[in-house]
Amino acid sequence: MSATSNVQISPALKKKQPYPIYLGGIAASIAASITHPLDLTKVRLQASGDSGMIQSLRKTVRTAGVRGLFDGVSATLFRQMTYSMCRFWAYDESKKILKAGPNSPAWKLATAGAMAGSIAGVVGNPGEILMVRMQGDFAKAPEKRLNYKNCFDGLFRMIREEGVSSLTRGIYPNVIRSMLMNASQLAAYDWSKSILLKTKYFGDNIYCHFTASLFAGTVATTVCSPADVLKSRVMNASGPGSSSTIAVLKKSFKNEGPMFMFKGVMMREQDADFTVRELESDFPTQILNPPGPTRMQFEIIAQCRTTRARVSRMTLARAYYNICYTATSNRQCLNTDGTTILPTFMPVATQAAIKGLTPQQTEELGITLLLNNTYHLNLRPGKQVLDAVGGAHVFQGWRKNMLTVSDPLPNPLWSRSKLINQTVYQDSGGFQMVSLASFSEVTEEGVLFASPFTGEPTMLTPEESMRIQVIHTLTTGPRMEEAMLRSVRWLDRCIAEHEKSGKKHRQNLFAIIQGGLDHDLRGRCVDEMLKRQAHIPGYAIGGLSGGEAKDAFWKIVSQCAQKLPADRPRYLMGVGFAEDLLVCTALGIDMADCVFPTRTARFGVALTFSGPLNLRLKKHAKSMEPIDKDCRCPTCTAGMSRGLMHHLISHETSVAHAITQHNLVFQANLMGQARDAIIQGAFPDYLQKFFVNYFGAQGYPRWCIDALQSVGVDLTQGKPDIPIIDGDGAKWEYSEETS
C-alpha cells in the first residue's frame with residue numbers, strides 16, 4: 001500500500017506572477033500626486049531665479065494659495081502614465097534579455113535600467129515637456145507664461161503653435177537623464193534590497209522596501225541632478241536657439257558656474273537657520289565683496305541688419321548684504337540674477353514704490369529693473385535713515401535691479417541686488433533744474449536747495465551726490481552752453497570722488513549727454529564724455545521729453561546714439577510711449593524709463609496693442625471683456641471686465657492698481673517682443689505690424705515715419721493711402737461723456 005503525501009509548496013517559494021503593465025503607472029501617479037508640491041518647487045528652482053526651497057514654497061502659497069502647489073498636476077499624471085508605466089515594463093523585459101535576477105551583479109542591473117530608461121525617455125518626452133512647462137510657468141514673467149489649462153490643452157497648443165517637432169524638444173538630455181535615473185534608481189533598489197534581505201534585520205516587507213527605496217532615490221537624485229537641471233531649462237525655454245542643449249549648457253556655465261547642475265537638489269543655504277551677526281549699527285548691515293568681475297559687463301547678443309536696434313546682456317557686479325533686523329531674528333539673504341536683457345523699459349518708483357503695488361507684486365509681474373527718485377528719498381526719509389538700514393534696497397524691500405535718479409539732480413544709479421545687495425552704476429553730468437527751479441540756486445560749487453517740505457536749505461555738490469547716489473544735469477535755460485560745460489566739469493569731480501570712494505565693486509558711473517536741442521552742443525558734450533570713457537561704462541541721453549517737438553526729439557536721440565560707443569549701454573531718460581520706445585530702439589537706444597504707464601493708469605487709461613483705452617468713457621460701461629483677452633497680466637487673466645473698471649475707476653483705488661499691473665506688463669511685453677524680433681531678424685516686420693495695429697486707419701505720426709526711414713524702415717511702403725499726422729501724433733480716446 002503506497003502512501004500519498006500531500007506536499008504543500010511554501011508561498012515564499014512560489015514564482016511571482018508579473019505585475020500588470022498599467023500597475024507601475026498607477027503606483028507612480030499616486031506617489032507623484034503626493035510629492036507634486038516638492039517636484040513643482042524643484043522645477044522652479046532649476047528654471048527660475050527663486051533662491052531656495054522654502055522661499056519658493058512661500059512665494060507660491062502667498063500668490064496662488066495652497067492650490068498653487070498643485071499647478072500642472074494633470075501634466076504630472078500624464079507623464080507618469082506614459083514614462084513610468086513604460087520604464088517599469090521595459091526594465092522587466094530588459095532583465096529577461098540580460099538574464100538578470102535579484103542576485104545579479106550591480107552592473108547588469110544598471111545596464112537593464114539604462115536600456116529601460118532609453119525607451120521610457122523617448123515615450124515619455126511629451127509628458128515631460130508638459131510637466132516642466134506647467135510647473136515652471138508661474139515662475140516666469142506674466143507676459144512669458146504659457147497658461148496651459150491642462151495637459152491636453154497644452155499638448156494641443158504645442159502641436160498647433162510649435163509643430164509636431166516640439167514634442168521632441170530636449171529629448172537628448174531627457175533620454176540621458178532617464179537612462180541615468182533608471183540605471184541608478186532601479187538597479188540601486190534591486191541591489192540594496194538583495195543586500196538587506198541577506199541580513200537578519202529585514203524580511204521581504206514594507207520596511208525593507210522603504211529602506212531600499214530611500215537609498216535608491218538618494219543615489220538617483222545625486223547622479224541625475226545635472227541632466228535634470230539641463231532638461232528642465234531646455235524644455236522650459238522658448239525662442240530661436242533655445243532648444244539647443246549645447247547653447248543652454250554654455251549659457252548656464254557662463255552665468256552661474258558648474259554648480260548650476262545641482263540647483264534644486266537640496267535646500268539652499270538661504271533656507272537654513274543662520275546665526276545672527278552682531279554689527280555696530282542699530283540696523284546692522286554687512287556688505288560682502290564677492291569674487292569675480294568688479295565692473296558691469298555688457299555683451300551684444302544680436303543686431304538688427306536694417307536698423308540700429310540690438311539685443312544685449314548687461315550684467316552687474318555683485319555685492320551681498322546680510323541683514324539682521326533684531327537680535328533674535330534670522331539673517332535674510334535673497335538671491336536674484338544680476339543680468340538684464342536689453343532693450344528694456346524701466347517703471348518708475350519715485351518714492352521707493354510703484355504707486356499701489358507692493359515690492360512683491362512688482363516682482364511677480366516679471367519686473368527686474370525699476371527707477372527711484374533719490375532727490376525725494378534724500379528729503380524723506382533722508383540720507384541718515386537710508387544709510388542706517390543699508391540703502392534704498394533694504395529700505396523698500398526690493399530684491400532686483402535699481403536705477404536711482406533725481407528730478408533736480410538725476411544721476412542714474414543702477415543697483416543689482418541679492419536681497420538687499422546692491423551694485424550701482426551711477427551716471428553723471430550737471431544738474432537739471434526744471435520742476436523745482438523755484439527751490440534751487442546753481443553755483444560752481446553745487447546746487448543749493450530749499451526743501452519743498454520744510455524749507456530747510458541743502459547744498460548738493462557733485463561729491464555729495466556721489467555719496468547719496470544722486471546727480472543730473474542742466475538741460476534748459478538761456479545759458480545752455482555754460483550748463484553743458486559745467487556738466488563736464490562736474491563729471492570730473494564725480495569721477496575723482498568715485499575713484500576714492502571704495503565703491504568700484506558695486507557702483508558704475510554713467511555720463512549724461514546734455515546740450516538741449518543744439519546739435520553742436522550735443523556733439524561737443526559727447527566728445528568730452530568719450531575722452532573720459534575709461535571711467536564711464538555707460539551713457540545716458542538727458543534733457544529730452546520735456547515738451548519739445550518730436551521731430552527735434554528723434555534727431556537728437558539719433559545723433560547721440562550714433563556717436564556713442566557700441567560697447568556701452570545707452571539709456572534714454574524719460575521716454576515711455578509705446579511708439580517712442582520702438583522708434584528709439586530702432587535708433588540704437590537700449591533702455592528707457594518714464595512714469596507714463598503708471599500715471600496714466602491712475603486716470604483710467606489702459607495700454608493695449610490696439611492703442612490706449614480710456615476706461616472712463618461710457619462706451620465701456622457695459623463691456624464684460626477684459627482689457628486685452630490675449631494679455632497674461634493678473635488683471636486680464638482674472639477676467640476683470642472693462643465695465644467693472646469703468647464703474648469703479650472714480651471711486652476705488654483698487655482699479656487704478658489693477659490697470660497699473662496691466663500697463664506694466666504691456667510695456668514689458670512690448671519690449672520683450674521687440675527683443676524676440678531682433679533675435680529672429682524680423683524687427684522691421686515687427687515695427688510694421690505694431691504701427692498697423694496701434695494706429696490703424698487713423699494715420700501714422702510723421703515724425704515716426706521720418707525717424708524710421710532714417711534707419712531703413714518705410715512705414716508707408718504698400719500703404720499709399722495711409723494718413724500722415726503732423727505733430728506728436730499720439731493716439732488717445734477723448735470724449736466729454738465719461739460717466
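The values are calculated or read from the model by the stated rules, or taken from the named source; none is laboratory data. These figures come from a predicted structure and were not determined experimentally. Cβ coordinates were reconstructed from backbone atoms using ideal geometry, including for glycine residues, and neighbour counts include every protein chain displayed. In case anyone asks, the SASA skips ligands and DNA or RNA and just uses the protein heavy atoms, side chains included. Shrake-Rupley method; radii C 1.70, N 1.55, O 1.52, S 1.80 Å.
As I understand it, the dipole of the stretch 118-212 uses +1 on the Cβ of Lys and Arg and -1 on the Cβ of Asp and Glu, about the Cα centre. Which of 199, 124, 176 lies farthest toward its positive end?
199
Run the numbers for residue 210 and residue 650: contour at 0.36 nm per residue of separation, minus the present Cα-Cα distance, in nm. Please list the in-between numbers first.
Working: separation 440, 0.36 × 440 = 158.40 nm, distance 6.19 nm.
152.2 nm is the gain from fully extending residue 210 to residue 650.
What list of ³J(HN,Hα) couplings, whole Hz, do you get for the stretch 590-602 from phi and the Karplus terms 6.51, -1.76, 1.60, once you set θ to phi - 60° and write x for glycine and proline?
9, 7, 8, 9, 5, 7, 3, x, 8, 5, 5, 5, 6
In the stretch 548-690, carbon and sulfur make up what percent of the accessible area (probe 1.4 Å)?
Working: 2670 of 5110 Å².
On the stretch 548-690, the fraction of accessible area on carbon and sulfur atoms equals 52 percent.
On full extension of the chain, what length is gained from residue 567 through residue 599, given 0.36 nm per residue of separation minus the C-alpha to C-alpha distance? Don't skip to the answer; put the middle values down first.
On the way: separation 32, 0.36 × 32 = 11.52 nm, distance 3.36 nm.
Extending this stretch completely gives an extra 8.2 nm.
Between residue 167 and residue 339, how high is the FRET efficiency from 1/(1 + (r/R0)^6) when r is the Cβ-Cβ distance and R₀ = 41 Å? Nearest 0.05.
0.85
Which distance in nm do the two modelled labels at residue 198 and residue 680 give, with both placed 7 Å along the Cα-to-Cβ direction?
Here the modelled spin labels are 6.0 nm apart.
Mind giving me the nanometre distance, one decimal, between the label points for residue 625 and residue 724, set 7 Å out from Cα along Cα→Cβ?
Using points 7 Å along Cα→Cβ, the separation is 3.2 nm.
Give me the accessible area per residue for the stretch 139-216, probe 1.4 Å, as a whole number in Å².
Each residue of the stretch 139-216 exposes 57 Å² on average to a 1.4 Å probe.
In the structure displayed, which of 618/731; 355/629; 531/555; 550/731; 689/731; 619/731 lie more than 20 Å apart, Cα to Cα? Display every interim value, and only then the final one.
Values: 618/731 18 Å; 355/629 25 Å; 531/555 23 Å; 550/731 14 Å; 689/731 16 Å; 619/731 17 Å.
355/629; 531/555, as the Cα separations exceed 20 Å there.
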